[in-house]
Structure formats: structure tokens, C-alpha cells
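Engineer: First the structure, which I've put down as C-alpha cells, then a few questions once you've had a look.
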Amino acid sequence: MNGKTFLALVLLASLLTSPLPATVVMFENVKLSAASEMDGLQAVKDYGDHVSGVSSGGFANSFARGNGWTPNISLDFSAGKDRKTVSSWRAGWDGGDGANYLLDGDPRPRGSGPPWYYWYTFTPRNRAGVTINSLDLDGVGNHTNRVDWKIYAGSRAGKVLASGSTGNFSGDKEEVELGMKSPHFGVVVLEIIRSGARTTLAIDNLDFDEAPPGRTAHSAIEVGNRKQLFVDDYVISAMTGLSRDLGKPVKLNGGKPVFDAWFYGTVLHDEGKFKLWYRGNPYGYAESKDGVHFRRIAKLVGLDTARGDSATFYIDPHEKNPAHRYKACYAHSTIRAALSYSADGIHWKPYNNGKPVTGRAADTTNHITWDEDAKVYRLFTRTDYPRPPDGLEVRGTRSMTNPDIKSDPTGWKLVRDWKFDREGSEECRRRQIYGLSDWIYHGVHFAQMMVFEWPNDLSEGPADHHKRHERDVLEYYIATSRDGDSWDLSWVYAGRKMITRGPAGSWDKDMIVPSSEIITHNDKHWLYYAGSNERHGAPRPAQGIGVATLRLDGFVFLEAGARMGSLTTKPFRLEGKRLQVNVACEKFRVEVLDEKGRPWPGFSGPEAETVSNVDNLRFEPQWKGSLLSALEGRMVQLKFHLEKARLYSFQVPR
């Protein structure tokens, strides 16, 4: 790092107006007090805003020095729950008085445990590009360490742009070149995989560049024949006059329960009927032809849900053995997750001889799913966090992956433990993640989250089965992700629920608990949920299972008002002969551009037909005198023009 220009925090204002080509995030020799260092980082936009406190990974105002400034790149960090700076160990570090980012670990015995994973996510704005150059590693003592890394495009399920390894080393390792040769114009994720003894290695400096927008700023994406949703900007190159909004499911059966039972549990549609597994000891199974009128079929056999309260069920699309078609994930008596399998969803046998397959905890939603893109099973359970002095229980969630649960049912690799902490360490008193399941739809992960709001706050009075409470309640939110981990929590912090609790006096006025799966059937999404008429910490005499339906692809949409809005996609190769658009509008048309944004003759301007008063799940735009099949195999961009419209998705079918 010789020759770098170190700038104090007081110079950041001038950097904003005179950006330099490179940024080095310096994790040491800041010459600030320990208290100031632990306040957190603002020298790089948005970095670490969601964590705070000594030895918790908090950064604001900490890193006062760095070379250059990247005004169009946000940087964020995620890891397991043991995120730390090295302030607690400062006397033993070569960095002197620095807030180095500790690459911790918790192997037992020391040095022999599994690797730990850390992620830096670089999010460019204004079509800027990102190049990650190098990092320094600061070791203490003569301990042996190893760091492997991967750099992904978009998310951890995206294309690998570069990878490498330090191999085993001891002491420091400076200017480790990460192998990224050219900028990527989109989100970039740096994954650090660290092996070695605990508290013996930290990242010192991280060197990355911002690239100005260029002709590769419209980097092509893969669309193929998969439906493209507008939950995020993955497919969007430019957008004007449109806003993103959340869909509103409609409760069926007049808003009343459709079944007298309780979740945790699951509803699936299979073999022409709705199949419902409901909570109990043992769990029960029911069926329905129409999704509203259910009849009890059987109690489950062989499923040792000793706690009787936290099982979910899954039909495995990856499974080739009919005896293992159904999977169940539930809490073992030790409050650890266990797994079982079944041929019919009623008669069950355990994996791992009935023993747990994870560590603690597992006493809320336990959910398993197959991720076809990543070729792994994903497992989501609750996790424990330390309690504050007043004893408040602090809940978090944990995600893990395993490529083969039959051959190695305990081979789960931790992806991340996390909790709500964007608003600081005291956010646990405002909201907690109570449970999470991951429903994957056309490559988008939808987290169905139970969010515990104002936990244990019974200040609104004693049990009241008419009053609608706002504290100590469970709400149903969604979050979205492209990798099953980097969740967009915008709807949570905006207070926008997926299904709202019922009004005063209703059976579901105080708690909503979603089914672990969402059903897509008859061109609608079916969202089952359990509801209760009292708070988490109060007796709940009325509870049941209800259902709401949602327009196909209607979870999140883009809306245009009375003034014409437009959206241009990123370039992609057209791998079909038709275009289908899920849209409801007063006016609408679609132009086809080439990869540089120039109109394809015959598909733009007056040739792109304007249609009025369309409400169609699979509307097929037309062009005067031209067929889209003429462009099959070419690189294209789509430009949607909308007025008083809602745009839900598009697809190029086979």
C-alpha cells in the first residue's frame, strides 16, 4: 500500500466534489480514540449502517482515511453473528490502534473447525462499474491461516468473475490480488472463505475502483424463457415515471377461517387437490378440492415432532426416489432441526436415525427447499442471540445449504445468521424476525417472514378479544432476493404487510403466521396463513387457518400514472418467437431496441402498436408488419411505454 494518499475524515467533503479513481478502505492507524473507532463507517456510502457497538461490527465515523472516493458505489458487509472489529484484541495486532475487520471463527478445538464465510456487496449507481483489486490480511502470532475467495456478478448465485486462494500462511499477507481484470457494471459480491484459528486474522485494507459508465454499462443478462418479475432492478436498465408497489391479496371465505387448526405448517397443491398439514402432536393432514372446504384425513405416523409445534412440509422436485418425495423439517426435542421423508405425506421415516441435523435453535418455522439454480438444499431455522441485561429474548434466523441431504443429512454449511439491526442494537425492542421460509418463483426467492413487532410489550392492556392491538403482534411480510440470502427488507421498514391482520373483533386481528409455501394454481397465488385474536404473550382463544389469493405475478408491480412512463430492459438474447406481458393498463406499447439502445427497424416508433384498456396475464404485443420471430437469436432490449398501468412481468416463452 506504499504511495497511497491517506485523507482524514474532514477532507471527505472535497472528495465528493473531486472524485479520485480508486478507493482503499483503511481498517487501521486511524488515530482516533477507541470509542470513536467503534462508532462505525461513513467514509464509504451505506457501509455498515445496520450494525453498531464495540465488537459487533459497527463502523460509522470509524474509517477516516482512504485513497479516493467512489460516490456511485455502496458497500455493505454480511457475515455470521460473530462479526467483530479487533478493538478487543488491539494489543496483539500489527495494525496498532486499528479497527481491523476480524475474520473470526469458532472452531472447536481451535483451528480444526469448518471455514467461516463473509461477504462484501458492492452496489453501483448511475451505471457505474466496479473492479475489486486487492486486500491486505493482518495476522497475529504464528498461527496458520487460509483465505479463499470468489467474486460474483449480481449475487452469490451469479456468474463467478474471479476466484483464488492464499493457501496456508502465517503472519501478514499484503496486497493479495483478487484477479478481477475488468469492471462489472452491476452488483458485485466478494465472498471471503476463511479457515484457521479463531481471532488470529483480520482484513486490513480493501482496494477497489469505480469505473465510469461505458458502452458495457448495459451488460447483458440471461433471460431465456424464464418469466421476469419486477421485484427489483435486475432486468431494468432505465426507468422513468414508474413506481414500485406491493400487491394486495384478497381474503377468501369472507375473511373467515377455512380450517379450524393452527400453523406452523404447510399447504400444497398436488395431484389435483390442496393438501394441508397442520400443527399438533402428532401433526395432522387434511385435503380440499377447492382450497376452501377441507376435511381431515389422518394423523401423521412416524414423524417425531416431540415439540409438536414447528414442522413444515415440502414436495421435493429434485428427488428421484418416490419413497423420499415428501420432506419434513421440524424441531427435535433438543430444539435442533431434524428431517424426515415420506412417500405419501402421512407415513414418515427419519433421516440421521432421528437425531438432529443442526445445532440450536429450531422452535419456530423450520423450512427446507431445493434451489435448482444453486443446486443445493436450503434450510432455514431460528437462531439464538445474547439477551440484553433485562432478559428480553432476541430472535434471529439462520440459513444453511447442503447439496445432498440423503448421503449427508448433517452436512449443512452455514450461510448466515442474521437479525433485524438496521436501526441499531436496540431494534430488537421494535421488531424481531420470528420465522422465515423461502419460496422460489421463476428464480426469485420470496422470504415469507413472521415479524414480531414490539415484542413482549403488553402496555395496551390485558387480554381483549375485540380490540385490535399494535404491540406484541406477529405480522406477515415478504422480502425478495436473487440468491436466497441478500434479502431486500424494504417492505418491512416501510411497514407494508403482505397480508394485513383483520379488523377489531376478527379472529386474525393480532397474529398472522404464513404457510411455509405459496401455491400457484388456476392463474392465482394462494397464500394460506394462521391467525389469532390475541397477542403473542396473551391467551388466544380464537385461532384458525385462512387463505387469500393474489393476481398471478402480483406480489410486486410497477405502476404508471396519468403521465406516460417507460421502462427499458437490459440487453438479452431473444430465445423465443413471442413476447407475453402481464399488464393491466389504459395505454401500453412495447418497442424493441438493439443492445446499444437503437430501434430495431419494424419494431419501434409507429410500428409498435399502442393498445388501450388491456388487463391480461399473457398479453402478446404486436408490431405492424413485423413478427418478433424475425429477431430470434439476436440481442435485444425491450422498452415498455405505459399510462395508467400496472406492469407485473414479461416472458419470452419457448
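Engineer: Sort HIS293, HIS143 by accessible area with a 1.4 Å probe, largest first. Intermediate values should be presented prior to the final figure.
Structural biologist: Details: HIS293 130, HIS143 70 Å².
Of HIS293, HIS143, the descending order of accessible area is HIS293, HIS143.
Engineer: Oh, and also: Specify the inter-centroid distance of region 124-184 and region 351-396, based on alpha-carbon positions, in whole Å.
Structural biologist: Going from one Cα centre to the other spans 29 Å.
Engineer: Roughly how many Å² is the accessible area per residue of region 528-611, as a whole number, for a 1.4 Å probe? Intermediate results must be reported in sequence, preceding the final value.
Structural biologist: On the way: 3060 Å² over 84 residues.
I get 36 Å² per residue for region 528-611.
Engineer: Quick one: pull the percent of accessible area on region 331-374 belonging to carbon and sulfur, 1.4 Å probe, ligands and nucleic acids left out. Mind dumping the intermediate values first?
Structural biologist: Numbers: 760 of 1640 Å².
Carbon and sulfur atoms account for 46 percent of the accessible area of region 331-374.
Engineer: Work out from phi, with θ = phi - 60° and the Karplus expression 6.51 cos²θ - 1.76 cosθ + 1.60, the ³J(HN,Hα) of each residue of region 387-396, listed in order in whole Hz, and give x for Gly and Pro.
Structural biologist: 8, x, x, 7, x, 4, 5, 10, 9, x
Engineer: Let me ask you something else. As a test of understanding, state the convex hull volume per residue of region 168-293 from its alpha carbons, in Å³. Don't skip to the end; give the middle numbers.
Structural biologist: Numbers: hull volume 39.1 nm³, N = 126.
Dividing the Cα hull volume of region 168-293 by its residue count gives 310 Å³.
Engineer: In nm, what is the difference between 0.36 nm times the number of residues separating ARG471 and ARG618 and their Cα-Cα distance? Let's see the in-between values first.
Structural biologist: Numbers: separation 147, 0.36 × 147 = 52.92 nm, distance 4.21 nm.
Additional length available on full extension: 48.7 nm.
Engineer: How much accessible area does TRP600 have with a 1.4 Å probe, in Å² rounded to the nearest 10?
Structural biologist: 50
Engineer: Near LYS406, which lysines are there with a Cα under 20 Å away, not counting those fewer than 8 places off in the same chain?
Structural biologist: LYS320, LYS327, LYS349, LYS355, LYS375
Engineer: Kirkwood Rh over Cα pairs of region 272-326 into Stokes-Einstein at 20 °C, 1.002 mPa s: D in µm²/s?
Structural biologist: Numbers: Rh = 12.5 Å.
Answer from the Stokes-Einstein relation: 172 µm²/s.
Engineer: Please state the relative contact order of region 528-654 as a whole percent: Cα pairs under 8 Å, 6+ residues apart?
Structural biologist: Contact order relative to length: 37 percent.
Engineer: Rounded to whole Å and ordered largest first, report the semi-axes of the equivalent ellipsoid of region 391-511 derived from its Cα gyration tensor (root of 5λ).
Structural biologist: After scaling each eigenvalue by five and taking roots: 30, 17, 14 Å.
Engineer: So, one more: For all pairs of alpha-carbon atoms in region 316-440, what percent lies in each bin of width 5 Å, listed from the first bin to the last filled one?
Structural biologist: Per 5 Å bin, starting at 0, the Cα pair percentages come out as 2, 11, 19, 22, 18, 12, 7, 5, 3, 1, 0.
Engineer: Hey, any idea what % of region 165-286's accessible area is carbon plus sulfur with a 1.4 Å probe? Numbers along the way, then the final one.
Structural biologist: Values: 2240 of 4990 Å².
Exposed carbon and sulfur together represent 45 percent of the surface.
Engineer: Between LYS375 and ALA494, what is the label-to-label distance in nm when each label sits 7 Å out along the Cα-to-Cβ direction?
Structural biologist: For the pair LYS375/ALA494, the computed spacing is 3.7 nm.
Engineer: Sticking with this structure for a sec: Grab the beta carbon distance between HIS442 and ASN168, set R0 = 30 Å, and tell me the FRET efficiency rounded to 0.05. Let's see the in-between values first.
Structural biologist: Working: r = 42 Å, r/R0 = 1.42.
It comes to 0.10.
Engineer: Another question, if that's okay. Just to confirm, what accessible area per residue do you get for region 219-377 at 1.4 Å probe, in whole Å²? Numbers along the way, then the final one.
Structural biologist: On the way: 6700 Å² over 159 residues.
For region 219-377, the solvent-accessible area averages 42 Å² per residue.
Engineer: Right, another one. Magnitude of the Cβ-charge dipole of region 551-601, K/R +1 and D/E -1, about the Cα centre, nearest 20 debye? Walk me through the intermediate numbers first.
Structural biologist: On the way: 10 positive and 7 negative charges, 25 e Å.
Roughly 120 debye, rounded to the nearest 20.
Engineer: Mind checking which lysines have their C-alpha under 16 Å from LYS524, skipping anything on the same chain fewer than 8 residues away?
Structural biologist: Qualifying lysines at Cα under 16 Å: LYS227, LYS248, LYS251, LYS273, LYS289.
Engineer: Kindly provide log₁₀ I(q)/I(0) values, in the same order as q = 0.12, 0.19, 0.23 Å⁻¹, from the Debye equation applied to equal alpha-carbon scatterers of region 294-372.
Structural biologist: -0.31, -0.78, -1.08
Engineer: So what is the orientation-averaged projected area of region 527-589, using the convex hull of its C-alpha atoms, in nm²? Could the numbers behind the result be given before it?
Structural biologist: On the way: hull surface 34.5 nm².
Mean shadow area of the hull around the Cα atoms is 8.6 nm².
Engineer: I would also like to ask the following. Accessible surface of ARG598 in the full protein assembly, 1.4 angstrom probe, to the nearest 10 Å²?
Structural biologist: 130
Engineer: Taking all protein chains in place and a 1.4 Å probe, what share, in percent, of the accessible surface of region 522-621 do carbon and sulfur account for? Mind showing how you got there, number by number?
Structural biologist: Working: 1790 of 4000 Å².
In region 522-621, the share of accessible area belonging to carbon and sulfur is 45 percent.
The values are calculated or read from the model by the stated rules, or taken from the named source; none is laboratory data. The structure presented is a predicted model; accordingly, all values stated were derived computationally and were not measured. Please note: Cβ atoms are built from the backbone with ideal geometry, for glycine as well, and neighbour counts cover all protein chains shown. Surface accessibility is based on the protein's heavy atoms, side chains included, excluding ligands, DNA and RNA. Shrake-Rupley method; radii C 1.70, N 1.55, O 1.52, S 1.80 Å.
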